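Trainee: Here you go, one structure.
The values are calculated or read from the model by the stated rules, or taken from the named source; none is laboratory data. Everything numeric in this text was worked out from a predicted model, so none of it was measured. Cβ placement follows ideal geometry from the backbone for every residue including glycine, while neighbour counts extend to all protein chains displayed. Accessible surface is based on the protein model in full, side chains and every heavy atom, while ligands, DNA and RNA are left aside. Shrake-Rupley method; radii C 1.70, N 1.55, O 1.52, S 1.80 Å.
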Amino acid sequence: MGRHQQAEASGIISFMACATLAWIAMDLYLQFAPAIWRVTQRLFTVCAGITAGCGVISFTLGYARNSRSMTLKHGWTIPIRRIFEILALSVVYASTIFVTAFMLLSIASNMMGLRTLKGYLTALCAAISGVVGYVTFVQAELMNAKTIASLLPFFVVSGVSIAGLTSDDPYWYNNNFSQLGDRTTFAARMFNSTLMLAGVCIVIISYFAISELITTHRLQMQYLSASDEKEAPKHFKARILLLSTMLTLAGIAFIGIGMFRYTPHPILHNVFARGLPCLMSVLMIALPWLAPQLSKVVYVISDLAIVTGALAGFQWLAGRNTLTNVEALAGMMFLGWFIIFSRQIAAIESDRVQTQLILAQTKRPESVEDLAEVSETVPGTVSQLSSEV
């Protein structure tokens, strides 16, 4: 079997194992847990936790199985980095699976009623865990940057939706998003936890994006002559340092917004909440200089996002819009921009891998143009190689 077929077969095995494990765990919990731990939110929390645990175990096994760097053949650095990547990606998957599973259970409870749902909870937990086990194992086997980027919107939308559905304040929308998290209720903790984990996810995804930009730059410099190196973009280290710093600060801002609620910490909350749009505006404006490898369409989209956000802000100041709408629009635009940015990095990664494949069979390129031409001819060559095999 080929790699993709093996991944699908392994995913089916993971489905069965995760479903069985979740069934046993949830059934034991329902039998032996105290009555206080069988209330709705705690019941859903345990079920979502079991699902997230199954997903993390499945992902870790799938990701580590195909890794050829978990040895000391090349020293300690590479295995330590691989372990860090597994832990970081596990955080992304665990948080995404947890809030998504909790949201699905909340929706099912509203549709069926809690009393009816409890009779199916064990089977539902097993089914969701099985699907999660299958998806995470297959994605771990075929992991790329596009997969990582696609997780973030599901996570944030699910977490905010749960907070909004379970909030005991029906008028929070009339003020701002901070009011949704400015309490000590379950909904507020879910909202603030979502923001903090989203910040962690942004930092982790940014790490992989920056690593890919550095790898691609090194490959280009390796195959360019001394004369062509002068034509390449200058100050790469300064650009990549500023880009990584700004993306990391954006993630830290999300963490700060969720960590410091407005009522007990108004100054710190406002520093992070108002600093984030300013930081992202500077990042989007300076993006052509910070990351010249990206497509020009990304720069146009970045400028349009800034203009749209500014217009919405002016409407709020004029009293024709609510602050909640402005914050929701800004948050969605940032997530959309970050997904586009991550997928651009994923495209660069795919082109790099294909370029390395063709460079192993062709002559050394003599200029940047030659390197681009090689990349453009790769798809046909890859197809040719596949047909020959």
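Trainee: For a quick check of understanding: with a 1.4 angstrom probe and all protein chains in place, what accessible area in square angstrom does W337 have, to the nearest ten?
Mentor: For W337, the solvent-accessible surface is approximately 10 Å².
Trainee: From the protein chains alone at 1.4 Å, what is the descending order of accessible area for T263, T248, largest first?
Mentor: On the way: T263 95, T248 50 Å².
Correct descending sequence by accessible area is T263, T248.
Trainee: Compare L241, L359 by solvent-accessible area with a 1.4 Å probe and give them largest first, with all protein chains kept in place.
Mentor: Descending order: L241, L359.
Trainee: Let me ask you something else. As a test of reading the structure, rank H4, H265 by solvent-accessible area (1.4 Å probe, protein chains only), most first.
Mentor: Details: H4 120, H265 75 Å².
My answer, sorted largest first, is H4, H265.
Trainee: In the neighborhood of P288, defined by Cβ-to-Cβ distances under 10 Å, what is the net charge if each Lys or Arg adds +1 and each Asp or Glu adds -1? Working shown, then result.
Mentor: Details: positive: K296; negative: D303.
Net charge around P288: 0.
Trainee: Given the protein chains as shown and a 1.4 Å probe, how many square angstrom of L117 are accessible, to the nearest 10?
Mentor: Here the residue's solvent-accessible area equals roughly 0 Å².
Trainee: Could you pull the accessible area for I285 with a 1.4 Å probe, rounded to 10 Å²?
Mentor: Solvent-accessible area, nearest 10 Å²: 110 Å².
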